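The values are calculated or read from the model by the stated rules, or taken from the named source; none is laboratory data. Quick caveat, the model's predicted, so the values are computed rather than measured. Note that each Cβ is placed from the backbone with ideal geometry, even for glycine, and that neighbours are counted across all protein chains shown.
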């Protein structure tokens, strides 16, 4: 683990732009290279907003009202804002693999569009790159699946396509917003294992938003527990799950059992 | 199974396309079907009744009506298509900008749309064509000035609805630029509705063109234009009724064709 964090969030504040109501009240955390950090909390705790504001993709009417998201993609110490690094070091995997895939595009085109636009690959190069990526994320029969439409795939395959799209730009940091919530339990396990494997092979750092503590214990090195837009507790996964200090964490763990 | 319905053509759409294409084709091959020049006058043979020589008789100037009806398809249908396409392109672009970008741009475009919409369509159209000088080109320009509003509103609403959808956010998260997101991800999901709207707009454009020409503001004589032909026959409606009835029927047939296309496209768009 290098000393410098690859992602550093400082005093992050997120607000409704019109009502001037603050939803995330100034939170700080760091993510180091090769590390997986879980952001947990119940609905409305601000964990998803935190993740989305890292890459500057907040919903309409919600803005980052303060704080710094400093990303140091290549470890050079040169820091840039996460919002400028989408597709250039940052990538995101979403919760709903169905609605996150454009229904009017074939799988091959969906995976290819990233490398084609950002790297200026030719059609042929992009195609072979897509095939590579699809094989890397374990899509069987990738050649044929290139021509499929999103609705023709199962949920698990769709999520693999999402992950392939995210990897297409060779990110250093992968932001995952409830990547397994919409999937069957058995598929969940496969996807998590895939994510862990990719993390190992590519040396990714991951931030994973979830409300599922089983997922956290399986993949996260560290956990950050959020409640009402504040961090209430953070630390190594084992410590937090085995001996939670905060009441809220305790109730989360009890609710999961 | 859903993938097949994507490509299955709605039967009404097929019939509508068939009708319009057939009439247009008749117009294109008109010189092969009829030996009469639609513009040649023959005063001695004026107002002839339908016969083997003149299938639909002749008009006040002795021109062959059947030939003029067929050649009218060459005048009316292309003008209607252009007068539909131009505002569709303008409106779609403005609507996209309006729906996707900042509120200030949106406000400017939409207030402009309000102003255009405040006028009754036909009065505005007649006034504009009058200003620009009668003729087919003025009709297209005037249509472009007026009809873009419908497309802009439609596209704006659709874009605004879609832009927060997961797959758009996901595309942006992958680092894809705004223009590419719009072109590859957003608009393909909006265009089916635009096409359906275009087809129903074409019906209005057809009637508007015929009306303007009827009022001597559209296509100018001696060009064979259906609306103008109706006007020419009005004085003889009691004796040579077909002079007005047949061009009227031509407009109705093409209008039904476009309506069926619109209906079919709408059904296809909503099925997905």
Specify which of the listed residues (B:47, B:12) is at positive phi and at pLDDT below 95. B:47
Which members of the range B:78-96 meet the condition of being surrounded by fewer than 23 Cβ atoms within 10 Å (Cβ to Cβ) and under 19 Å from residue B:26 (Cβ atoms)? B:78, B:79, B:81
I need the full set of residues from the range A:121-172 which are within 16 Å of residue A:92 (Cβ to Cβ), more than 12 Å from every other protein chain (Cβ to nearest Cβ) and either surrounded by fewer than 17 Cβ atoms within 10 Å (Cβ to Cβ) or in contact (Cβ under 8 Å) with a residue 60 or more places away in the chain (or both), in order please. A:137, A:172
Could you run through the range A:23-56 and say how many residues are assigned to a loop (DSSP other than H, G, I, E, B) and surrounded by 22 or more Cβ atoms within 10 Å (Cβ to Cβ)? 4
Filtering the range B:206-215 down to residues that are in contact (Cβ under 8 Å) with a residue 60 or more places away in the chain and surrounded by fewer than 24 Cβ atoms within 10 Å (Cβ to Cβ), which residue is farthest from residue B:147 (Cα to Cα)? B:215
Considering only the range B:178-193, state which residues are more than 23 Å from residue B:263 (Cβ to Cβ) and within 7 Å of another protein chain (Cβ to nearest Cβ). B:180, B:184, B:185
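I'd like the residue in the range A:76-87 that is out of contact with any strand residue (DSSP E or B) (no Cβ under 9 Å at 6 or more places or on another chain) and surrounded by fewer than 20 Cβ atoms within 10 Å (Cβ to Cβ) and, out of all such residues, is farthest from the other protein chains (Cβ to nearest Cβ).
A:77
Please state which one of A:9, A:40, A:93, A:73 is within 14 Å of chain B (Cβ to nearest Cβ) and more than 22 Å from residue B:163 (Cα to Cα). Spell out how you get there, then give the answer.
Working: A:9 fails: within 14 Å of chain B (Cβ to nearest Cβ); A:40 fails: within 14 Å of chain B (Cβ to nearest Cβ); A:93 fails: more than 22 Å from residue B:163 (Cα to Cα).
Selected residue: A:73, the only one of A:9, A:40, A:93, A:73 that is within 14 Å of chain B (Cβ to nearest Cβ) and more than 22 Å from residue B:163 (Cα to Cα).
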Just checking, how many residues over the range B:102-115 are surrounded by fewer than 16 Cβ atoms within 10 Å (Cβ to Cβ) and in contact with a helix residue (DSSP H, G or I) (Cβ under 8 Å, 6 or more places away or on another chain)? 1
State all residues of the range A:106-120 that are crowded, with 19+ Cβ neighbours inside 10 Å and more than 7 Å from every other protein chain (Cβ to nearest Cβ); if no residue qualifies, say none. A:107, A:108, A:110, A:111, A:112, A:115, A:116
Pairs please, first residue from the range A:41-68 and under 15 Å from residue A:231 (Cβ atoms), second anywhere and modelled with pLDDT under 85 and surrounded by 23 or more Cβ atoms within 10 Å (Cβ to Cβ), Cβ atoms under 6 Å, 6+ apart in sequence or on different chains. A:54/A:82
Every residue from the range A:213-249 that is surrounded by fewer than 20 Cβ atoms within 10 Å (Cβ to Cβ), free of Cβ contacts under 8 Å to residues at least 60 places away in the same chain, at negative phi and not in a helix (DSSP H, G or I): A:232, A:236, A:243, A:245, A:246
Can you tell me which of B:137, B:161, B:153 is within 22 Å of residue B:97 (Cβ to Cβ) and more than 14 Å from every other protein chain (Cβ to nearest Cβ)? B:153
Is it fair to say residue B:171 is in contact with a helix residue (DSSP H, G or I) (Cβ under 9 Å, 6 or more places away or on another chain) and within 14 Å of another protein chain (Cβ to nearest Cβ)? yes
